[in-house]
Amino acid sequence: MWLVGLLVGLPLLVFLWVEVVGWNWARSPLERMVLDRTGRVLVIGGDLKVDLGWHAPRVLAKAVTFANPPWAVEKQMVAVDEVKLTVDVPALFSMKLVFPEVHLKHPTVFLEQAKDGRKTWFLDRAQ
């Protein structure tokens, strides 16, 4: 019986907490995760909102920047006033991160290729 209470109660508590607090609490963990995986700084300077949906939740982030690698001439690879994207949940079960829709408001993008062939749009640290 306590297991049923835990299985129902815990998701309900998480849902209520997110409804009260909002999604901005997730900015720092998300920024740290991106830094750990790519070695590049992601900054979400504005609000972060998530509209949950089973197949494709929608994420909205404001004042977003994503750094270029240290060897690039430009500091930021992307700077955008607002990002709206959807996440393909079924693809997550296959360990793939898929964004079926991405909308950028006032984007500034700097893509560079070094003389040795390295490309800023490749997120592989070992390239």
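With label points built 7 Å along Cα→Cβ from the Cα atoms of residue 122 and residue 104, find their separation and express it in nm.
2.0 nm
Give the calculated FRET efficiency between residue 111 and residue 54 to the nearest 0.05, with a Förster radius of 35 Å applied to their Cβ-Cβ distance.
My answer for the efficiency is 0.55.
At most 15 other Cβ atoms within 10 Å and a DSSP loop assignment: could you name the chymotrypsin sites (Phe, Trp or Tyr not before Pro) in the range 53-104 that fit?
54, 71, 93
Within the range 64-97, list the trypsin sites (Lys or Arg not before Pro) lying in a DSSP loop whose Cβ has at most 11 other Cβ atoms in a 10 Å radius.
Answer in residue order: 96.
Every number here is computed from the coordinates shown, using simple stated rules; none is lab data. This one's a predicted model, so the numbers in the text were calculated from it and none came from an experiment. So basically every Cβ, Gly included, is an ideal-geometry build from the backbone, and we count neighbours across all protein chains shown.
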